[in-house]
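The structure appears below as structure tokens.
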């Protein structure tokens, strides 16, 4: 809470005013102290001057004693008379006493002359003559503030006493000045200073209040306008845009920001509309895609059904072809077995074997049949001796032809067996 209040601009303004006031008060206090010191110093200088003047008179008398024109007692008596009659200012006088505190000259109290007054004290308990002797004997001269009664009053007042030690006679000559006038002048100076300080503080407060209001009021208005823009109010104008100085610059910057927000809202609205249109198009595209996928799935299902049907037809055809090949193989095996049996009989010399059975077989089997028939006829011709050839020649020719036909028969049988064992469909 305290930190929040200290961070406010108005608090800082008033803090600066308070700081300035404090500095002014410190400065006034320092100046007053300096004035007091200067006043007392000036009074000390004045007392020193008049005291040294009085001592110089005693010095002239001492010169007369040294010259032999008068005795020491005559010179001291003359000195007492001169000091008693010597005055300065309105009420200034001189006094003298020796180092044993015996009064030699005191115009205001002549009854004290010749008496030891070491026991005289002021209202604060200061032994006046004892302290004055200490001051004079220590440095030869000096001052002391004490309280003493005025000649025309019984009230003790503050007084500055200045003494000078006149060593030839062991006299301590001095004078004093009451400081009531200095205190009065300082009191008046204090009064004037504090009055001026109070007026200055009041003026500072008024001026700072006006300045604070001239700054904080527009700032508060701008802050409220910013809050409104945060809540979505982008249409209300920004205040103080025509003002000069930093407030006007800030207001115009906020107004530029407001226009940017308006433009942004317009663009966002357009973007929302575009997004809605894009969403609709995406939805339509998605629906179209789903329809296409469904159609493709239907077509794929139809293709799978057609492929399954075709596969079944191919399987059926393959089974029929396999059955046909198996039937042909069996027939070919029967033909080959029959022909093998017939050929075996022919090879054993039974040339009466005739193949009269009709085979519905492939061309290779037919070739076997033709070769077998030819082989049988050749053997019969050789046996019967056709063409008038000798039996031996005919037999040789028939045997050669039989070998040739036998080789062809073997080749045919091999091809027939190969075809009968041809590749089967899985």
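Averaged over residues, the count of other Cβ atoms within 10 Å places the peptides 192-203, 240-251, 303-314 in the sequence 240-251, 192-203, 303-314, highest first.
Stokes-Einstein, applied to the Kirkwood radius of segment 44-91 over Cα pairs at a viscosity of 0.890 mPa s and 25 °C, places its translational diffusion at 213 µm² s⁻¹. Fully extending the segment from residue 200 to residue 10 would add 66.5 nm, taking 0.36 nm per residue of separation and subtracting the current Cα-Cα distance.
Could you tell me the calculated FRET efficiency between residue 23 and residue 257, based on Cβ-Cβ distance and R0 = 41 angstrom, to the nearest 0.05? Given R0 = 41 Å and the Cβ-Cβ separation, E is 0.50. Computed from the Cβ-Cβ distance with R0 of 45 Å, the FRET efficiency linking residue 315 to residue 347 stands at 0.50. Between residue 63 and residue 41, the simple spin-label model (points 7 angstrom out along Cα→Cβ) gives 3.3 nm. Which FRET efficiency, nearest 0.05, do residue 230 and residue 181 yield, Cβ-Cβ r, R0 56 Å? Working from the Cβ atoms, E equals 0.20. Were the residues from residue 340 through residue 277 laid out at 0.36 nm apart, the gain over their Cα-Cα distance would be 13.8 nm.
As a size descriptor, the averaged projected area of the C-alpha convex hull of segment 139-287 was calculated at 22.1 nm².
Label positions at residue 221 and residue 298, each projected 7 Å from the Cα along the C-beta direction, are separated by 7.2 nm.
Each label point was placed 7 Å from the Cα along the Cα-to-Cβ direction; for residue 138 and residue 288 their separation is 11.5 nm. Summary value for segment 2-201: 20 percent relative contact order, contacts being C-alpha pairs under 8 angstrom separated by 6+ residues. Over all directions, the projected convex hull of the C-alpha atoms in segment 1-140 averages 14.7 nm² in area.
Each value in this text was obtained by applying a stated rule to the coordinates, not by laboratory testing. Note that the coordinates shown come from a computational prediction; the quantities given were computed from them, not determined experimentally. Here the Cβ is made from the backbone with ideal geometry for all residues, glycine too, and neighbour counts use every protein chain on show.
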